[in-house]
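Structure first, then comments.
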Amino acid sequence: MSLLTDILEFNGQFVEEKGYEPYITTKYPNKKLVVLSCMDSRLVELLPKSMNLRNGDVKIVKSAGAIVNHPFGSIMRSILVALYELNAEEVFVVGHYDCGMSAVDSETMIKHMKERGISDETFDI
């Protein structure tokens, strides 16, 4: 059985049993806060708990290394929407210990991409 199949089966039961009801809230962050954090899987539960944040309190934007690379890219667009359309008032950028982005080497990553089938032509664009 695939991971997707497992997730879809769980989700079907979750919806059937109305497991989502305790999490119902509005689209507006209660604490008027946007947090940009790393996408590190160790932070999924740890970050909100460490900041006393609950469902509905905050807009969380995640990127590798909590980095904004472009002034109008998807990360900044998410922050701007939260600020100007969803009533957030503050932005926190939260880094963390032992971030994997600190050791990423672009040449090594390109090598890994090619090993997994990305063609040289893709990099020439």
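Between V81 and M39, what length in nm is gained on full extension when 0.36 nm per residue of separation is reduced by their alpha carbon distance?
So the extension gain works out to 13.2 nm.
Which entry in [x] 70, 28, 25; [y] 48, 42, 29; [z] 59, 22, 21 is this structure's computed Cα extents along the principal axes in Å?
Read-out from the structure maps to [y].
Taking the square root of 5 times each eigenvalue of the Cα gyration tensor, what semi-axes in Å does the equivalent ellipsoid of the range 67-122 have, largest first? Provide the component values of the computation, followed by the final result.
Values: eigenvalues 206, 57, 11 Å².
Values for the range 67-122, descending: 32, 17, 8 Å.
Within the chain, what's the longest stretch lacking chymotrypsin sites (Phe, Trp or Tyr not before Pro) that sit in DSSP loops with no more than 14 other Cβ atoms inside 10 Å?
Values: sites that count: Y20, F72, Y97.
Value returned for the longest uninterrupted segment is 21-71.
For the chain, calculate the relative contact order in percent as a whole number, restricting contacts to Cα pairs under 8 Å that are 6 or more residues apart. Show your work: numbers first, answer last.
Details: 119 pairs, mean separation 35.5, N = 125.
Relative contact order, the chain: 28 percent.
May I ask you to list the GluC sites (Glu not before Pro) in the range 3-48 that are in a DSSP loop and have at most 15 other Cβ atoms within 10 Å of their Cβ? Kindly include the intermediate steps, with their values, before the conclusion.
On the way: sites: E9, E16, E17, E45; in loops: E17.
Listed in order of number, the matching sites are E17.
222 nm [θ] for the chain, helices only, -39500 (n - 2.57) per DSSP H run of 4+, per residue, to 500? Numbers along the way, then the final one.
Numbers: 5 runs with 48 residues, N = 125.
Value at 222 nm, helices only: -11000 deg cm²/dmol.
Return the loop-located trypsin sites (Lys or Arg not before Pro) in the range 61-125 (DSSP other than H, G, I, E, B) with at most 13 other Cβ atoms within 10 Å of their own Cβ; answer none if there are none. Before the final figure, lay out each step's value.
Values: sites: K62, R77, K111, K114, R116; in loops: R116.
Listed in order of number, the matching sites are R116.
Over the range 11-82, calculate the relative contact order: mean separation of alpha carbon pairs under 8 Å at least 6 apart, over the residue count, as a percent. Walk me through the intermediate numbers first.
Working: 65 pairs, mean separation 24.7, N = 72.
Computed over the range 11-82, the figure is 34 percent.
Determine, for I60, I118, I75, the number of other Cβ atoms within 10 Å of each Cβ, and report the residues in order from fewest to most.
Values: I60 21, I118 12, I75 18.
Ordered by Cβ neighbours within 10 Å, fewest first: I118, I75, I60.
Tell me which residues come under 5 Å, amide H to amide H, from V91 once H is placed; ignore anything under 5 positions away on its chain.
V34
Where a number appears in this text, it was derived from the coordinates with a stated rule and is not lab data. This is a predicted model, so every value here is computed, not measured. Backbone-built Cβ (ideal geometry, glycine too); neighbour counts: all protein chains shown.
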